[in-house]
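Asks: Questions regarding the structure given below will be posed in turn.
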Amino acid sequence: MDEMVLEKAQAAAIATQPQTAAAELREVSKVYGAFAALRNVSTSFEMGSCTMILGENGAGKSTLLRMVAGLISPSRGSVATFGTTPQEQRGRIAYMSHAPMLYDELSAGENLRYFAGLRGDGCGLCTGSPEMALRAVGLDPHLKRPVGQYSQGMRQRTSLARVLQSDPELLLLDEPFSNLDVESAEMMVTLLADFRTWPITSGPMAGIGRRTIILTTHQAHLGAPIADTTLTMRAGKIASVLKREPAI
Amino acid sequence: MTWHKFFDLGPLSSHPHNLFYAYAAVWILQGGYVAWIAKNWLATSKARR
Amino acid sequence: MQLETPSRSVVPRVAAAAWFAVALVVLAIGFRQAIFLVPTEATMGNVQRIFYYHLPHAILGMVFPYVNCAASLAFLYWRRRDPWKALGADALAVASAEVTVIFVTIGLLTGSLWAKPAWGIWWAWDARTTTYLILWMLYVSYLIARKFSGGNDEGHTLAAVISVFAAIDVPISFMAIRWWRTQHPAPVFGGDGSLDASFYPAVWWNIAGWALWGFLVLGLRYSLERRRQRIQEEAALEAIEASLEITQ
Amino acid sequence: MNYLRQVTRHLLKDLQLEWRSRDAINGMLFFSLLVVVVFSIAFDPTGNPTTTRQISGGILWIALLFASVTTLNQSWAREVRNSVLDAQRMVPAPPSALFLGKALANLAFVTVVELVIAPLFVIFFNVHALGNGWMLTAIMPLGTWALVVNGTFFAALGLRAKNRELLLPLLLFPISVPAILSMVNATTDVLTGDVDPIQPYFWIKLLAAYDIIFTTVCLLLFETILHAE
């Protein structure tokens, strides 16, 4: 009986939102004074896709990503994630910037436990514990050293563990490979490729949805293996969109 | 009261001239503010051309 | 975007000019009443005539803060719903804050000029002067904070929040200072409480005149701010529509 | 219940961060000590014991006010470092819990400073309460909370502004006038003990009302300023 209801709900979910993109921008502009960081950008990110955004500094990559994360609001146009505003979907979106977004004075485990705790008790169970997330990125969960003393690579991995433990359906990565050596970067790509295969176990898309990744980078060759869409930005506009089968 | 008394500034030790100063201060401040608005208004008009 | 066709802009200009003329006429009548017609006050003599300019400013200085608070609340309400209306509310908020400061400054200044002959001191820390000084400080700090937080949307939001705090603080500090000063010997304030009916014409004409003047200035300052916003919007629009300088 | 648990988490995190770095409390302690010493040099407390008794309430609160202002900006600086604030903003939980946790942590820090400064104050100024000394146990926390709750809020508000070190006292002092009036008067009444005992009750009540009103406003508006960007 319960299963029937569940299946019906899922069928309804598929029927009603077949085209619902993980994130969609409609004629979005963002202006700071007389500088337009984004200019009339319209695009959508399919559920289950992995998009790599390329572009020079100041091309609007970070602005676009922060907007999808709901951290900044557009000056014009609208942004939707999973059909509603990013603010309403906070539990399903995770954002990782090139800054570690961790407290320097706390160890990796303490940082992750703190953020896991903030997500409330329901989420903590389904996501896997901070220990598991740290193991997944190849760090020792019992490390006592504060994050401030970590190397750049370790900090980046801890940062990745922080977003992965929240079990996001939409993962936003701003320059995840910056300041990383090639080996660490490749490991991160492998982790992300693995992450895409994780089944979704909770929320309205449980069992049917697929995970979406949007990442920005300078180093196209590092992101290329997992990206199925490459989006190039120039001066606040999308210059080109390229779709292909990912290598992994 | 007469105009003559209004402008009579008198010796500084007594204070009848305060009346004049008060009225003058009101008009200088209010008028100055309006003048400032007008100046900025003209400046924006120029900026638009 | 065509902003102001001449035919549309004539009506408000004529209205403003008419209002200005009426205000000047009423103020002239008020001046004549205050200086020449109203009988000289028995104990204080002609200096008491400061009162006819002091009182309107003191009263109006208490009115404009509420305009500021209402506009700020309107801004917070419209911020996400209708950005252009929200900007209008913000323009009204900054205009009313500036007008408040002007009126309270004049109230303090004329009060001080009157206090010297009346009480023998320029400044008495009695309930009324202290509360007006606090009022003045609140709105000056509001204007400075506005300047510091930048002219963008974020700055407007922060300013609106400060305005709400100030508006809540005004009645509390008024009560607190009144209660505080009631236990201390304060200079006895003779005059406006027991005003003879023969002084009424000067009082009412001046209150009416300065109210007309104050709201006109509020309107002028508002339209100046609106104009600036429109220019900024145009600049932003230009920045958005600027063609890509890079050859594809 | 869940909300309380969130507040506790934020509070514990702030206490832990402070325990590891200890910059806030050390700075505040030394700063308030300096203010007390400077005042005692300026006023010669041993020569005029009556005057000292009358003004020491004010000096105590001024020292605490200045000391807490130096710390309140710091308390948000650690959220800004490494962009942790972005992570906080992405958390699907009420933002006011973050604010409340931080305000409570700041309350704890300033209380520690008070506990250290109060005995020094008694020694340097040679004061002891002539009125109901136990009333200070109500006045001190209420007064400190009044400073800290608005201070934490305005420090968060000034986070993205330029001149944020200047902005905090600029906003905090005028808004806090009724609270400062109440706490200084209540403390002075208790220390001098020369007015009827109803008077400090009145100021304590006003202080409590101020606390309730502004705590409510801060909690309601914190989300707006956190997501102002």
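Asks: Any residue at all in the range C:67-82 that's under 22 Å from C:Val170 (Cβ atoms), within 15 Å of the chain's Cα centre (by Cα) and within 14 Å of chain B (Cβ to nearest Cβ)?
Replies: Looking through the range C:67-82, none of the residues is under 22 Å from C:Val170 (Cβ atoms), within 15 Å of the chain's Cα centre (by Cα) and within 14 Å of chain B (Cβ to nearest Cβ).
Asks: Just checking, which of D:Val112, D:Val149, D:Val127 is part of a loop (DSSP other than H, G, I, E, B), more than 9 Å from every other protein chain (Cβ to nearest Cβ) and in contact (Cβ under 8 Å) with a residue 60 or more places away in the chain?
Replies: D:Val127 is the lone residue from the list that is part of a loop (DSSP other than H, G, I, E, B), more than 9 Å from every other protein chain (Cβ to nearest Cβ) and in contact (Cβ under 8 Å) with a residue 60 or more places away in the chain.
Asks: All but one of (1) more than 11 Å from every other protein chain (Cβ to nearest Cβ); (2) more than 30 Å from D:Leu220 (Cα to Cα); (3) touching a residue at least 24 places away in the same chain (Cβ under 8 Å); (4) aliphatic (A, V, I, L, M) hold for C:Leu27, so report the exception by its number.
Replies: The single condition C:Leu27 does not satisfy is (1).
Asks: If you check D:Leu4, D:Leu85, which single one turns out to be within 12 Å of chain A (Cβ to nearest Cβ) and out of contact with any strand residue (DSSP E or B) (no Cβ under 6 Å at 6 or more places or on another chain)?
Replies: D:Leu85
Asks: With the condition kept exactly as written, say whether any residue in the range D:22-41 is within 14 Å of another protein chain (Cβ to nearest Cβ), surrounded by fewer than 21 Cβ atoms within 10 Å (Cβ to Cβ), under 23 Å from A:Val147 (Cα atoms) and of a type outside the set (Asp, Glu).
Replies: Looking through the range D:22-41, at least one residue is within 14 Å of another protein chain (Cβ to nearest Cβ), surrounded by fewer than 21 Cβ atoms within 10 Å (Cβ to Cβ), under 23 Å from A:Val147 (Cα atoms) and of a type outside the set (Asp, Glu).
Asks: Can you list the strands (runs of 3 or more DSSP E) lying wholly within the range A:47-121 that have 2 or more residues being within 11 Å of another protein chain (Cβ to nearest Cβ) and closer than 16 Å to A:Leu160 by Cβ?
Replies: In the range A:47-121, A:93-96 are the strands (runs of 3 or more DSSP E) which contain 2 or more residues that are within 11 Å of another protein chain (Cβ to nearest Cβ) and closer than 16 Å to A:Leu160 by Cβ.
Let's see how each residue does on (1) under 17 Å from C:Ser141 (Cα atoms); (2) surrounded by fewer than 24 Cβ atoms within 10 Å (Cβ to Cβ); (3) touching a strand residue (DSSP E or B) at 6+ places or on another chain (Cβ under 8 Å); (4) among the acidic types (Asp, Glu):
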{"residue": "D:Leu157", "(1), (2), (3), (4)": "yes, no, no, no"}
{"residue": "D:Met183", "(1), (2), (3), (4)": "no, no, no, no"}
{"residue": "D:Pro200", "(1), (2), (3), (4)": "no, no, no, no"}
{"residue": "D:Thr216", "(1), (2), (3), (4)": "no, yes, no, no"}
{"residue": "D:Leu221", "(1), (2), (3), (4)": "no, yes, no, no"}
{"residue": "D:Thr224", "(1), (2), (3), (4)": "no, yes, no, no"}
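Asks: Can you name every residue in the range D:178-229 that is within 11 Å of chain C (Cβ to nearest Cβ), over 20 Å from C:Ala127 (Cα atoms), of a type in the set (Gly, Ala, Ser) and in a helix (DSSP H, G or I)?
Replies: D:Ala209
Asks: Could you please give the count of residues in the range C:169-210 that are among the small types (Gly, Ala, Ser), at pLDDT below 80 and in a helix (DSSP H, G or I)?
Replies: So the answer is 4.
Asks: Is there a residue in the range C:60-83 that is at pLDDT 90 or above and farther than 30 Å from D:Val177 by Cα?
Replies: Checked the range C:60-83: at least one residue is at pLDDT 90 or above and farther than 30 Å from D:Val177 by Cα.
Asks: Sort through C:Arg32, C:Arg49, C:Arg13, C:Arg8 and tell me the only one that's touching a Ser or Thr at 6+ places or on another chain (Cβ under 9 Å), modelled with pLDDT under 90 and either farther than 21 Å from C:Arg230 by Cα or not in a loop (DSSP other than H, G, I, E, B) (or both).
Replies: Residue meeting the stated conditions: C:Arg49.
Asks: Answer with yes or no whether D:Ala103 is within 12 Å of chain A (Cβ to nearest Cβ) and under 19 Å from A:Tyr114 (Cβ atoms).
Replies: No.
Asks: Could you run through the range C:140-169 and say how many residues are within 9 Å of chain D (Cβ to nearest Cβ), within 14 Å of the chain's Cα centre (by Cα) and not aliphatic (A, V, I, L, M)?
Replies: 1
Asks: Now a separate question. If we keep just the residues of the range A:173-203 that are of a type in the set (A, V, I, L, M) and over 14 Å from the mean Cα position of the chain (by Cα), which is surrounded by the most Cβ atoms within 10 Å (Cβ to Cβ)?
Replies: Across the range A:173-203, the extreme among qualifying residues is A:Ala185.
Asks: Determine which single condition D:Asp86 fails, assuming it passes every other condition in (1) buried (at least 19 other Cβ atoms within 10 Å of the Cβ); (2) in contact (Cβ under 8 Å) with a residue 40 or more places away in the chain; (3) assigned to a helix (DSSP H, G or I).
Replies: Status for D:Asp86: all satisfied but (2).
Asks: Could you tell me whether any residue of the range A:28-41 is in contact with a strand residue (DSSP E or B) (Cβ under 8 Å, 6 or more places away or on another chain), modelled with pLDDT of 85 or more and part of a loop (DSSP other than H, G, I, E, B)?
Replies: There is no residue in the range A:28-41 that is in contact with a strand residue (DSSP E or B) (Cβ under 8 Å, 6 or more places away or on another chain), modelled with pLDDT of 85 or more and part of a loop (DSSP other than H, G, I, E, B).
Asks: Related question: Would you say D:Gly58 is over 25 Å from D:Leu157 (Cβ atoms), within 14 Å of another protein chain (Cβ to nearest Cβ), in contact (Cβ under 8 Å) with a residue 60 or more places away in the chain and in a helix (DSSP H, G or I)?
Replies: Here the answer is yes, as D:Gly58 does meet what is asked.
Asks: Sticking with this structure for a sec: Could you tell me which residue of the range D:147-178 is nearest to the chain's Cα centre (by Cα), considering only residues that are among the small types (Gly, Ala, Ser) and closer than 15 Å to D:Phe66 by Cβ?
Replies: D:Gly151
Asks: Condition first: at pLDDT 90 or above and surrounded by fewer than 22 Cβ atoms within 10 Å (Cβ to Cβ). Now tell me which residues in the range A:80-103 satisfy that.
Replies: Selection gives A:Ala80 alone.
Asks: Can you name the residue in the range C:120-139 that is at negative phi and of a type in the set (Gly, Ala, Ser) and, of all such residues, is nearest to the chain's Cα centre (by Cα)?
Replies: C:Ala127
Asks: Please indicate, with yes or no, whether at least one residue in the range A:42-58 is modelled with pLDDT of 90 or more, over 19 Å from A:Glu169 (Cα atoms) and crowded, with 20+ Cβ neighbours inside 10 Å.
Replies: Yes, the range A:42-58 contains a residue that is modelled with pLDDT of 90 or more, over 19 Å from A:Glu169 (Cα atoms) and crowded, with 20+ Cβ neighbours inside 10 Å.
Asks: Test each condition in (1) among the aliphatic types (A, V, I, L, M); (2) in contact with a Leu (Cβ under 6 Å, 6 or more places away or on another chain); (3) at pLDDT below 80 for C:Ala166 and report the one that comes out false.
Replies: Just one mismatch for C:Ala166, condition (3).
The values are calculated or read from the model by the stated rules, or taken from the named source; none is laboratory data. Here the structure is a predicted model, which is why all the values come from computation and not from measurement. Cβ coordinates were reconstructed from backbone atoms using ideal geometry, including for glycine residues, and neighbour counts include every protein chain displayed.
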